[in-house]
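Novice: Handing you this structure, nothing more for now.
Quick note: the coordinates plus some simple rules give every number you see, no bench work behind them. Model, not experiment: these values are computed from the prediction. Ideal geometry is used to build each Cβ from the backbone, glycine not excepted, and the neighbour counts take in all protein chains shown.
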Amino acid sequence: MNIPDIINGALELFGAIFIFLSIVKINREKDVKGVHWLHSGYFMFWGFWNIYYYPHLNQWYSFIGGVCVVITNTIWFLQILYYLNRRKISLAYRSFKLMVWLEYQNARKNIIQFFYFN
């Protein structure tokens, strides 16, 4: 029994639990605020490295905790990308609708002026 491996595995497992809380928060709010995708992506890829690396050191508790971290971090990372892109698409769509509405109002005004003054 390797005590440092057990401690590291427990820390990884608690990390996965805390990341799960972030997953729940994003799922509830349907928005990303104050989180940049780059750092979560970095730690996600580091987690993939850890699940490759830990078996080579015979650190199986760390491996199990690392798998949990990778799963939750990957879900969180994909949620961040999804909701950031959804916000951009939504803003573009609202801008397009506003532009169409303004063009409609302008055309309507021109038609009224044409018939009213002619």
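Novice: Taking only C-alpha pairs under 8 Å that are 6+ residues apart, what is the relative contact order of the stretch 36-118 in percent?
Specialist: Numbers: 27 pairs, mean separation 24.4, N = 83.
Here the relative contact order equals 29 percent.
Novice: Counting each DSSP H run of 4 or more residues in the chain as -39500 (n - 2.57), what helix-only mean residue ellipticity at 222 nm follows after dividing by all residues, to the nearest 500 deg cm²/dmol?
Specialist: Working: 3 runs with 105 residues, N = 118.
Counting only the DSSP helices, I get -32500 deg cm²/dmol.
Novice: Treat every Asp and Glu Cβ in the stretch 3-84 as -1 and every Lys and Arg Cβ as +1, leave all other atoms uncharged, and give the resulting dipole magnitude about the Cα centre to the nearest 20 debye. Mind showing how you got there, number by number?
Specialist: On the way: 4 positive and 4 negative charges, 55 e Å.
Approximately 260 debye in magnitude.
Novice: What does the C-alpha gyration tensor say about the overall shape of the chain? Classify as rounded when a/c is under 1.5, otherwise prolate if a/b is larger than b/c, or oblate.
Specialist: Values: a/c = 7.72, a/b = 4.79, b/c = 1.61.
Here the chain falls in the prolate category.
Novice: For the charge dipole of the chain, defined by +1 on Lys and Arg C-beta atoms and -1 on Asp and Glu C-beta atoms about the Cα centroid, which residue among Ser95, Val35, Ile23 has the Cα displaced farthest towards the positive pole?
Specialist: Ser95
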